[in-house]
Amino acid sequence: MRQWLIRKGAASLDDLDMIEVARPEPGPGEVLVRVRACSLNFRDQLIPQGHYLGGAVDRDTVPLSDGAGEIAGIGAGVTGLALGDRVAGTFFLDWIDGPPNAGHGPALGAPPTTGMLQDYVVLPAHAVVPLASSLSFEEAACLPCAGVTAWNALMEGPRPVKAGESVLVLGTGGVSLLALQIAKAAGARVIATSSSDEKLARVKAMGADDTINYRSVPDWGAAAAKLVGGVDHVVEVGGSGTLAQSIAAVGYNGEISLIGVLTRQGDTGPHALMFKGATLRGIFVGSKGMAQRLNAFVDGHAIKPVVDRTFPIEQALDAYRYQGSSSLFGKVVITL
């Protein structure tokens, strides 16, 4: 079978290789998944460059956390799953449900865990979820990381989004577009930012109520706040470089969901939150339970993740390069 590897000590995308290996077999409590599609996240750019948590990988590692396929083998003792079931892996192997905790286990696609960019993968039976029935493999592969992250940011925690509230999403990557779709389905007013007027026209067509070009409006946080009298929920994917603007945008008693690491330099002082009684909540993907609730919501509201481009597995490096470009709008998918 085909399998991509990030080589031990990798420092660039050039340290990725596709090889042929024997098909694995599931052990007790495990399932074998025939992978049909994978999607890329920003995390997947960092790992082969040695910039992810822990630095360069300390062993050859199969990349990607996000993949969808069908059950092709079942180990001893596994119940509730059958051959042919359409499933996706969960980002964390052992975070079943509830709030964040120290026992969530390793995450797919980074040491010490294998990833999804291979024809077959063995996973613990408790670390797969049935796909949303309305989605193709390619669409479903967009959800395990980006979709669950957006769902956690908006619908979990102390104050889920309600109809009539406002949501600010930054840019047009996978998390932001899925957050836009979830927020609109929940009845919220959505403000979207981008540096591209063409992309802003596309998010407007997707249902965004207001758009701001952050290049032509440098104080875009204040502009967003002015539109709605202070934003109720900010999906902060930018990181240090955009946090000050998100704090300017959030309203009284509002919430900023802190997700992003796209920018590393900037003002991260939280004191302005004090005057608004606003909160900053850290988001690191989510649990199996969140994935299940997201899938039910996706089916119930006919949400279709935005797949920008698809690449065959042999062109995985091209997929990585496109996903890291300014052309990106939504998700990049690799088909197997």
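Quick grid of which residues meet (1) touching a Phe, Trp or Tyr at 6+ places or on another chain (Cβ under 6 Å); (2) aliphatic (A, V, I, L, M); (3) in the same structural domain as Gly105 (by TED's automatic domain parsing):
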residue: Ile259; (1), (2), (3): no, yes, no
residue: Lys276; (1), (2), (3): yes, no, no
residue: Val298; (1), (2), (3): no, yes, yes
residue: Phe311; (1), (2), (3): no, no, yes
residue: Gln315; (1), (2), (3): no, no, yes
residue: Asp318; (1), (2), (3): yes, no, yes
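Pairs linking a residue in the range 226-253 that is free of Cβ contacts under 8 Å to residues at least 40 places away in the same chain to a residue that is assigned to a loop (DSSP other than H, G, I, E, B) and surrounded by 24 or more Cβ atoms within 10 Å (Cβ to Cβ), with Cβ atoms under 7 Å and 6 or more positions apart or on different chains, are Gly239/Gly260.
The strands (runs of 3 or more DSSP E) located wholly in the range 205-290 that include 1 or more residues which are among the basic types (Lys, Arg) occupy 279-282.
The requirement of being crowded, with 22+ Cβ neighbours inside 10 Å and β-branched (Val, Ile, Thr) is not satisfied by Ile74.
For the range 134-156, the criterion of being part of a loop (DSSP other than H, G, I, E, B), within 20 Å of Gly221 (Cα to Cα) and among the hydrophobic types (A, V, I, L, M, F, W, C) is met by none of the residues. Is it the case that the range 7-24 has a residue that's buried (at least 22 other Cβ atoms within 10 Å of the Cβ) and among the β-branched types (Val, Ile, Thr)? No, that holds for no residue. Determine, yes or no, whether Ala22 is assigned by TED's automatic domain parsing to the domain that holds Gly77, part of a loop (DSSP other than H, G, I, E, B) and within 18 Å of Tyr320 (Cα to Cα). Judged against the criteria, Ala22 is not a match. Output the number of the condition that Leu135 fails; it satisfies all remaining conditions of (1) hydrophobic (A, V, I, L, M, F, W, C); (2) crowded, with 20+ Cβ neighbours inside 10 Å; (3) in the same structural domain as Gln245 (by TED's automatic domain parsing). Unmet for Leu135, out of (1) hydrophobic (A, V, I, L, M, F, W, C); (2) crowded, with 20+ Cβ neighbours inside 10 Å; (3) in the same structural domain as Gln245 (by TED's automatic domain parsing): (3). Determine if the range 205-217 includes at least one residue that is over 16 Å from Ser176 (Cα atoms) and in contact (Cβ under 8 Å) with a residue 24 or more places away in the chain. No: the range 205-217 contains no residue that is over 16 Å from Ser176 (Cα atoms) and in contact (Cβ under 8 Å) with a residue 24 or more places away in the chain.
Are any residues in the range 184-198 assigned to a helix (DSSP H, G or I) and more than 26 Å from Ser325 (Cβ to Cβ), and if so, which ones? Within the range 184-198, Lys184, Ala185 qualify. Just one of the listed residues (Val35, Val57, Val31, Val87) is closer than 13 Å to Gln118 by Cβ and either of a type outside the set (Gly, Ala, Ser) or buried (at least 22 other Cβ atoms within 10 Å of the Cβ) (or both), and it is Val35. If only residues of the range 291-315 that are in a loop (DSSP other than H, G, I, E, B) and under 17 Å from the mean Cα position of the chain (by Cα) are counted, the one that is surrounded by the most Cβ atoms within 10 Å (Cβ to Cβ) is Pro305.
The values are calculated or read from the model by the stated rules, or taken from the named source; none is laboratory data. Worth saying up front: this structure is predicted, and the values here are computed from it rather than measured. Quick reminder, even Gly has a Cβ in these numbers, built from the backbone with ideal geometry, and neighbours come from all protein chains shown.
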